[in-house]
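Engineer: This is the structure I want to talk about, given as structure tokens.
The values are calculated or read from the model by the stated rules, or taken from the named source; none is laboratory data. Please read all numbers here as calculations on a predicted model, not as lab measurements. With ideal geometry, Cβ positions are generated from the backbone for all residues, glycine too; neighbour counts draw on all protein chains shown.
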Amino acid sequence: MPFLDHVLKPPTYGWKDSQGQLVKPSAGQIFKEFFFRLNVFSDRKNWLPFFSWFKVLCLIPFFFIFLFSFFSVWTLVAAFVYSMIIMGTHGTIWHHRYCTHGAYKFKNKFWRFFTQNLTINVIPEEIYVISHHVHHAKSDQPGDPYNANAGFLYCFLADVNHQPIAQDLDEADYNRVKSLMKHTGVSGNSYAQYRKWGSFVTPASAIASWLLNWAFWYAAFYLVGGHALACSLFGAAGFWAVGVRTFNYEGHGKGEACQREGVDHNKKDNSVNQLWPGIVAGEWHNNHHLFPKSARSGFKPHQVDFAWYYIKLMNMVGAVSCYKDFKKQFYEQYYLPYLAMKAQEPKKARIVPQVEATKTY
């Protein structure tokens, strides 16, 4: 069986039925799976998805403190910019383009650590990276961990139900997981430790990095704007942590064929370029599915890409040693041929209504 077919832990309802068709579980089945997999008392190997959502729960009080104690125009603007642009762009820079696709390389470990911790720590790299490789291999097909064809909840709760790695990998397959995570700098378990904890990342390193990251950023925000700014931005991070889980459902047309001619050039799946995620996070998703290893996905002039601007700036100052940019290939293989095809289409004949002249006597 190919590695990506079994690297993720399958849900109890399965990826596909006996006919090979996508299983579309009911809301009840999805919630049952969700709470079963969060139960660390029944199985300590559930610790990583539990830890991921525990961090979200810890951010919720900050959100309500922001709303009821520190809400003002300036804190609202700060929270909006932090959640919509800074957190979103960092997710694209770090989790998506670097950790998963290796679209660029850092000059040294310092700049990697600097970029990793640019924002409040929320999403575990392991849950994102391994499952995203599967997503690209099986996009909108059975086995895609956040398949929009199975509905909103299937995508929204995928980080618990579908994205954790399998807990019964043999040593050779676990070594392949390690190779996919090696460049991220995340501390990994030995095979014996993996058999105990069911994850690549070690619990001690995950908890330590989380606590240090949050302590640093709360102190930094407090020094700039007191508890008002700190609570507002931590609350904004919580808002983003929930909202980002809706992206792949929207980014694949909510399971429907929503692609537009001249806008979405990848026809192999249902991915679409969306204006808002593109502008605020550089996530031009259809472009990304065309060239997943590109450090830039905003190929057209109007496609703002803050993630790419950061990577390019870091390259200019020497922090990023190299990157891959497929803008030229995008134009040559897709956009210019599309324009040429449109130019060759016969123009519709214009029908000019004939108005009979009225004689005046």
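Yes or no, residue by residue, for (1) surrounded by fewer than 19 Cβ atoms within 10 Å (Cβ to Cβ); (2) closer than 25 Å to Tyr146 by Cβ; (3) touching a residue at least 24 places away in the same chain (Cβ under 8 Å):
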{"residue": "Thr89", "(1), (2), (3)": "no, yes, yes"}
{"residue": "Thr92", "(1), (2), (3)": "no, yes, yes"}
{"residue": "Phe106", "(1), (2), (3)": "no, no, yes"}
{"residue": "Lys109", "(1), (2), (3)": "yes, no, yes"}
{"residue": "Phe113", "(1), (2), (3)": "yes, no, yes"}
{"residue": "Leu118", "(1), (2), (3)": "yes, yes, yes"}
{"residue": "Ile127", "(1), (2), (3)": "no, yes, yes"}
{"residue": "Ser131", "(1), (2), (3)": "no, yes, yes"}
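Engineer: Would you pick out the residues in the stretch 183-205 that are surrounded by 20 or more Cβ atoms within 10 Å (Cβ to Cβ), touching a residue at least 60 places away in the same chain (Cβ under 8 Å) and part of a helix (DSSP H, G or I)?
Structural biologist: Hit for the stretch 183-205 is Thr184, nothing else.
Engineer: Can you find a residue in the stretch 336-345 that is out of contact with any His (no Cβ under 8 Å at 6 or more places or on another chain), touching a residue at least 24 places away in the same chain (Cβ under 8 Å) and over 28 Å from Val81 (Cα atoms)? Spell out the reasoning first.
Structural biologist: At the first step, the residues of the stretch 336-345 found to be out of contact with any His (no Cβ under 8 Å at 6 or more places or on another chain) are 336-337, 339-345.
Now narrow it down to the ones that are touching a residue at least 24 places away in the same chain (Cβ under 8 Å): 342.
The next check asks that each one be over 28 Å from Val81 (Cα atoms); those that pass are 342.
Checked against the condition, which is being out of contact with any His (no Cβ under 8 Å at 6 or more places or on another chain), touching a residue at least 24 places away in the same chain (Cβ under 8 Å) and over 28 Å from Val81 (Cα atoms), the stretch 336-345 yields at least one hit.
Engineer: Regarding the stretch 188-206, can at least one residue be identified that is within 30 Å of Ala79 (Cβ to Cβ) and of a type outside the set (Gly, Ala, Ser)?
Structural biologist: yes
Engineer: Now for a different question. Filter the stretch 126-182 down to residues that are aliphatic (A, V, I, L, M), within 24 Å of Phe51 (Cβ to Cβ) and in a helix (DSSP H, G or I), then give me how many there are. Explain how you work it out, then say what you get.
Structural biologist: So in the stretch 126-182, the residues aliphatic (A, V, I, L, M) come out as 127, 129-130, 134, 137, 148, 150, 153, 157-158, 160, 165-166, 169, 172, 177, 180-181.
Checking the rest, the ones that are also within 24 Å of Phe51 (Cβ to Cβ) come to 127, 129-130, 134, 153, 157-158, 160, 165-166, 169, 177, 180-181.
Then keep just the ones that are in a helix (DSSP H, G or I); that gives 127, 129-130, 134, 153, 158, 160, 177, 180-181.
Result for the stretch 126-182: 10.
Engineer: Then there is this: When both residues are 6+ apart or on different chains and their Cβ atoms are under 7 Å apart, which pairs have a first residue that lies in the stretch 248-264 and is on the phi > 0 side of the Ramachandran plot and in contact (Cβ under 8 Å) with a residue 12 or more places away in the chain, and a second that is in a loop (DSSP other than H, G, I, E, B) and among the hydrophobic types (A, V, I, L, M, F, W, C)?
Structural biologist: As it stands, the answer is Gly253/Val272, since those pairs meet every condition given.
Engineer: Would you mind finding the one in Tyr82, Tyr13 that is assigned to a loop (DSSP other than H, G, I, E, B) and of a type outside the set (Gly, Ala, Ser)?
Structural biologist: Details: Tyr82 fails: assigned to a loop (DSSP other than H, G, I, E, B).
When all the criteria are applied, what remains is Tyr13.
Engineer: Now for a different question. So which helices (runs of 4 or more DSSP H) stay within the stretch 255-326 end to end and still have 1 or more residues that are small (Gly, Ala, Ser)? First the steps, then the outcome.
Structural biologist: Numbers: elements: 275-281, 285-290, 306-316.
The helices (runs of 4 or more DSSP H) meeting that bar are 275-281, 306-316.
Engineer: Restricting to the stretch 150-183, what's the tally of residues that are among the polar types (S, T, N, Q) and either more than 24 Å from Lys24 (Cβ to Cβ) or modelled with pLDDT under 95 (or both)?
Structural biologist: Here is the first cut: in the stretch 150-183, the ones among the polar types (S, T, N, Q) are 161, 163, 167, 175, 179.
Narrowing further to those that are either more than 24 Å from Lys24 (Cβ to Cβ) or modelled with pLDDT under 95 (or both): 167, 175, 179.
Summing the residues that are among the polar types (S, T, N, Q) and either more than 24 Å from Lys24 (Cβ to Cβ) or modelled with pLDDT under 95 (or both) in the stretch 150-183 gives 3.
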